[in-house]
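> One structure coming up, written as structure tokens, with questions to follow.
The values are calculated or read from the model by the stated rules, or taken from the named source; none is laboratory data. What you see is a predicted model, and the numbers here were worked out from it, not measured in a lab. Here the Cβ positions follow ideal geometry from the backbone for every residue, glycine too, while neighbour counts run over all protein chains shown.
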Amino acid sequence: MEKDNSVKTMKSAKTLKTAREAGYFGKKMLTDAIKAQEEGHPIGWSMVSWWQGDFIAKAMGMHLVYPENYGAFCAAVRQAEPYLEIADSEGFPNNLCGYARNCLGFAKCLRDNNYVIPEGAPGGGLARPVLMLASGCACDARYKWFQSLGRYLNDVPVWNLEMPQTGVKEYYLPGNKEKNLRFIVAELREFVKFMENLLKKKLDYDKLHAMLDQALKTLNLAWQVDLLRRAVPSPMVSQDFWSVMIPHFYLPDDPEAYSFYERVYAEVKEKVDNGIGAIPNEKYRMMFSELPPWHSIGFFDELAKRYGIAMVMESWNYHAPTPMAEEELHGINDPLEIIARLTYHKWMEHNTVAREFDTAPGFFNAAYLRWAQEYKADGFFAHPLLSCRPATYTLMHTRNSLEEKLKVPGVVVPGDIIDLRVFNSDEGFSKVEAFVETMDHYRELRKEAGMAW
Amino acid sequence: MFVAGIDIGSTITKIVISNGMEVRAAMITPTGPEHRRLAFRVMDDALASCFLSFNEVEYIVATGYGRINVPFADQQVTEITCHMRGVHCLFPEVRTIIDIGGQDSKGIKIKDGKQVDFIMNDKCAAGTGRFFEVMTDVLGVKLEEIGPMSLKSEKPASISSLCTVFAEQEVYLRLSEGASVEDILAGLHKANASRIHSMIGKLRIEREVAMTGGGAKNIGLVKAMEDRIGFPIVVPPEPLITGALGAALIAREVAARLTPDQLREKKEKRRLEAVTFFDDPKPGKERLL
């Protein structure tokens, strides 16, 4: 009898047809980069920078791949463990970022194979880069991650893009926004100079502008899909979103991403118009924060099946921001300033809610206070990660804020984005089962308090 | 009306059969590996002890880690809910429950008889019965002795690690340094109380506080917890039984809402059989036990 070497995964079945098609974009990024490399085009490894650096690199003909997305991909197909083990054996502590450890393990394999992608690398692997584009947004570990890659990619420069991540009080200081924008634009100008020197070509600003126009359209459409998700029952759940987000998050400038989102919008709208829920038995509406267990997204399908839980909103950092007001972009012709305004807006837009509720930070925290009301949430699913401080340090605070200010309780189920070894789904089910009764109780409390949901 | 609550914990199984608010039978037995067969035996023994037949029991609620392995139960309810209900019945003034089980520990907040929040330990034996079982092996004392022995300590040993494996090493080290068993036990209780307190503290502890589970039978741990939180803790007369008691209370409430026909229909579908995972009897084959 032949040995079964297939890996048992816990992928989600997803509820949307378009969500099941979205994996195409992740694979496209990887395979396009490999093809581009074969044709002699430059490849960059980029961190998620909330669009701060991506468009510039792409406008200059660089093909980007995203090691964070690659980590999620490897985890989803349950093939991250070998890379994690290599990173462990290289001396990287196992409480470092799972994305970083997956990438470091892969980079070592790449170097050991003379920079030819090893056969069998999940999704075809990451093509060898000429640039590593890092970002100071969100996470301190990311500075060191790309620096550490120098062990394996020692002739590849690292460029780190910065942006100030000011607090709620600072946001309201006079001149704060202008100073922030000036800083980001200055960072981008330096980056452009560096790229022109690296690639020995000039940035085509018109091309960059056109890409931005397309990206803003795509992000706007992604946001409109979010609006549709406020419907009861929820027409789309997190299991769908975590696939559907790939095009708007990584490829918003790609017209194909826009077309895809038109189809997503149509599918979700049809469900809303006909009162069709993503799950057939929606009893509880929960929000998820922050980075999901990519290796076990099917866990949420099981929550839906067992307890009627629809995950109606999730992961602040992956969502398209609300569209910027027209006057925000009126008369702005410098594409670098448009980029600066977009990234700044993404990070600052929830400060108004933060001030209203006297909480902080706007990002990772206040967003959920807004969404709990807009999406009629019954509960908050907190997923702390031993390996990720930024996606964890606000969780208990957010959980407490939601309970105190909006009578929305939270359950804490720890795990990891990549490392399957520290996620216990049975423990998760056990906690959620008990939590259902807590949600019932708080639903009564909200009713007594005359709240809207 | 007779009802039953059965709590299959990771190490101990408990059952309560009650009639109204009167407990007619309560039994405690080690769980072992085969839940289904055990559930049958425990129910059978409990029925015999109060001279009841299975059909006289109107409704059965199973709880605990092994609750899905009680084929004759009418309903499964989480142990958190059942503990809360059991403690609330015994001590209506309690607002915070600390339950120290064999493999896990948890905190439950109660308000007006409702479970408003809870927290459980994650992936670590520290603060659970298993931690103390391992330490008793190392120290060569019986589990039931460690509480009273620790109270004799005058200078608790310093135990900094709460990983069961590393704490075991630390105990060996303290022994090699000449620390007394009493001092080591006191140190272990203190360290665990600190760990449990930091977990339960996330719920914002409110008085009164009750302690349940096997850990509540350990006077050393109860005292260490009282020292840590700064006020007395109430302990039920039999702290192991609160989950099963809560399950029986829920069974009584549910049964009271059902019509006689509904109850009869449920009972007709129920069988008290010694089914097992390992040799599931097929029709016509001889039953186990």
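> Looking at (1) more than 17 Å from A:Pro157 (Cβ to Cβ); (2) touching a residue at least 60 places away in the same chain (Cβ under 8 Å); (3) within 16 Å of the chain's Cα centre (by Cα), can you tell me which one A:Arg142 breaks?
Just one mismatch for A:Arg142, condition (1).
> Right, another one. Quick check on my filter: what residues within segment A:109-121 are surrounded by fewer than 20 Cβ atoms within 10 Å (Cβ to Cβ) and at negative phi?
Those that are surrounded by fewer than 20 Cβ atoms within 10 Å (Cβ to Cβ) and at negative phi: A:Cys109, A:Arg111, A:Asp112, A:Asn113, A:Val116, A:Ile117, A:Pro118, A:Glu119, A:Ala121.
Condition check ((1) at pLDDT below 95; (2) polar (S, T, N, Q); (3) within 27 Å of A:Asn424 (Cα to Cα); (4) assigned to a helix (DSSP H, G or I)) across all residues:
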residue: A:Asp4; (1), (2), (3), (4): yes, no, yes, no
residue: A:Ala19; (1), (2), (3), (4): no, no, yes, yes
residue: A:Leu30; (1), (2), (3), (4): no, no, no, yes
residue: A:Tyr70; (1), (2), (3), (4): no, no, yes, yes
residue: A:Tyr83; (1), (2), (3), (4): no, no, yes, yes
residue: A:Cys109; (1), (2), (3), (4): no, no, no, yes
residue: A:Asn114; (1), (2), (3), (4): no, yes, no, no
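> For segment A:440-453, enumerate the residues that are more than 9 Å from chain B (Cβ to nearest Cβ), in a helix (DSSP H, G or I) and either polar (S, T, N, Q) or touching a helix residue (DSSP H, G or I) at 6+ places or on another chain (Cβ under 9 Å) (or both).
Matches in segment A:440-453: A:Arg446 only.
> Taking helices (runs of 4 or more DSSP H) that do not extend beyond segment A:234-340, which have at least 1 residues that are touching a Pro at 6+ places or on another chain (Cβ under 8 Å)?
In segment A:234-340, the matching helices (runs of 4 or more DSSP H) lie at A:238-250, A:255-273, A:298-307.
> Just to check your reading of the model, which residue among A:Tyr307, A:Tyr265, A:Tyr258 is among the hydroxyl-bearing types (Ser, Thr, Tyr) and surrounded by 19 or more Cβ atoms within 10 Å (Cβ to Cβ)?
Only one candidate qualifies: A:Tyr258.
> How many of the residues in segment A:420-432 are more than 9 Å from chain B (Cβ to nearest Cβ) and of a type in the set (Asp, Glu)? Give the steps one after another, and end with the answer.
Kept after step one, since they are more than 9 Å from chain B (Cβ to nearest Cβ), are these residues of segment A:420-432: A:420-421, A:423, A:425-426, A:428-429, A:432.
If we keep only those that are of a type in the set (Asp, Glu) as well, we get A:426.
Count: 1.
> In addition: Looking at (1) surrounded by 23 or more Cβ atoms within 10 Å (Cβ to Cβ); (2) touching a helix residue (DSSP H, G or I) at 6+ places or on another chain (Cβ under 7 Å); (3) within 13 Å of chain B (Cβ to nearest Cβ), can you tell me which one A:Phe435 breaks?
With (1) surrounded by 23 or more Cβ atoms within 10 Å (Cβ to Cβ); (2) touching a helix residue (DSSP H, G or I) at 6+ places or on another chain (Cβ under 7 Å); (3) within 13 Å of chain B (Cβ to nearest Cβ) applied to A:Phe435, the lone miss is (2).
> Also, I was wondering about something else. I'd like to check something: does segment B:88-99 contain any residue that is modelled with pLDDT under 95, surrounded by fewer than 23 Cβ atoms within 10 Å (Cβ to Cβ) and outside any helix (DSSP H, G or I)?
No, that holds for no residue.
> Something else about it: Of all residues in segment B:193-250, how many are within 30 Å of B:Arg24 (Cα to Cα) and over 14 Å from the mean Cα position of the chain (by Cα)?
Residues that pass the stated criteria total 9.
> Same structure, new question: Is at least one residue of segment B:55-77 crowded, with 19+ Cβ neighbours inside 10 Å, out of contact with any Leu (no Cβ under 6 Å at 6 or more places or on another chain) and assigned to a helix (DSSP H, G or I)?
yes
> Does any residue in segment B:4-15 that is free of Cβ contacts under 8 Å to residues at least 60 places away in the same chain come within less than 9 Å, Cβ to Cβ, of a residue that is in a strand (DSSP E or B) and surrounded by 24 or more Cβ atoms within 10 Å (Cβ to Cβ) six or more places away or on a different chain, and which pairs are these?
B:Thr13/B:Ile6; B:Thr13/B:Asp7
> Just a yes or no: is a residue in segment B:220-235 at negative phi, outside any loop (DSSP other than H, G, I, E, B) and without any contact (Cβ under 8 Å) to a residue 12 or more places away in the chain? Talk me through it step by step, then tell me what you get.
Taking segment B:220-235 and keeping what is at negative phi, we get B:220-229, B:231-235.
Cutting the leftovers down to outside any loop (DSSP other than H, G, I, E, B) gives us B:220-229, B:234.
Cutting the leftovers down to without any contact (Cβ under 8 Å) to a residue 12 or more places away in the chain gives us B:226.
Yes.
> If you don't mind, there's one more thing I want to ask. In segment A:257-273, what count of residues is obtained for those that are touching a residue at least 60 places away in the same chain (Cβ under 8 Å) and of a type in the set (Asp, Glu)?
First pass over segment A:257-273, keeping only residues touching a residue at least 60 places away in the same chain (Cβ under 8 Å): A:257, A:260, A:263-264, A:267-268.
Narrowing further to those that are of a type in the set (Asp, Glu): A:267.
Total satisfying the criteria: 1.
> Ok, one more. Could you tell me which numbered condition A:Ala304 fails, if it satisfies all but one of (1) in contact with a Phe, Trp or Tyr (Cβ under 9 Å, 6 or more places away or on another chain); (2) under 20 Å from A:Ala76 (Cβ atoms)?
Here A:Ala304 meets the rest and fails (1).
> Any idea which of A:Leu212, A:Leu203 is touching a residue at least 60 places away in the same chain (Cβ under 8 Å), closer than 26 Å to A:Pro129 by Cβ, among the hydrophobic types (A, V, I, L, M, F, W, C) and not in a helix (DSSP H, G or I)?
Result of the check over A:Leu212, A:Leu203: A:Leu203.
> Something else now. Considering every residue within segment B:28-37, establish whether at least one is in a strand (DSSP E or B) and either among the hydrophobic types (A, V, I, L, M, F, W, C) or surrounded by 20 or more Cβ atoms within 10 Å (Cβ to Cβ) (or both).
Restricting attention to segment B:28-37, the residues satisfying the condition of being in a strand (DSSP E or B) are B:28-30.
The next check asks that each one be either among the hydrophobic types (A, V, I, L, M, F, W, C) or surrounded by 20 or more Cβ atoms within 10 Å (Cβ to Cβ) (or both); those that pass are B:28.
Yes: segment B:28-37 contains one or more residues that are in a strand (DSSP E or B) and either among the hydrophobic types (A, V, I, L, M, F, W, C) or surrounded by 20 or more Cβ atoms within 10 Å (Cβ to Cβ) (or both).
> Also: For segment B:187-202, check the following and say yes or no: at least one residue is within 14 Å of another protein chain (Cβ to nearest Cβ), touching a residue at least 60 places away in the same chain (Cβ under 8 Å) and outside any helix (DSSP H, G or I).
Checked segment B:187-202: no residue is within 14 Å of another protein chain (Cβ to nearest Cβ), touching a residue at least 60 places away in the same chain (Cβ under 8 Å) and outside any helix (DSSP H, G or I).
> Still on this structure: Tell me the residue from A:Met245, A:Met236 that is modelled with pLDDT of 95 or more and under 24 Å from A:Thr343 (Cβ atoms), please.
Result of the check over A:Met245, A:Met236: A:Met245.
> State which residue pairs qualify: first residue more than 9 Å from every other protein chain (Cβ to nearest Cβ) and inside segment A:404-419, second residue in a loop (DSSP other than H, G, I, E, B) and surrounded by fewer than 22 Cβ atoms within 10 Å (Cβ to Cβ) in any location, beta carbons under 7 Å apart, and separation of 6 or more residues or different chains.
Short answer, once both residue conditions are applied: A:Lys405/A:Phe357; A:Lys407/A:Ala449; A:Lys407/A:Met451; A:Asp416/A:Leu386.
> For segment B:196-222, what are the residues that are over 27 Å from B:Gly113 (Cβ atoms) and surrounded by fewer than 19 Cβ atoms within 10 Å (Cβ to Cβ)?
Passing the criteria: B:Ser198, B:Ile219.
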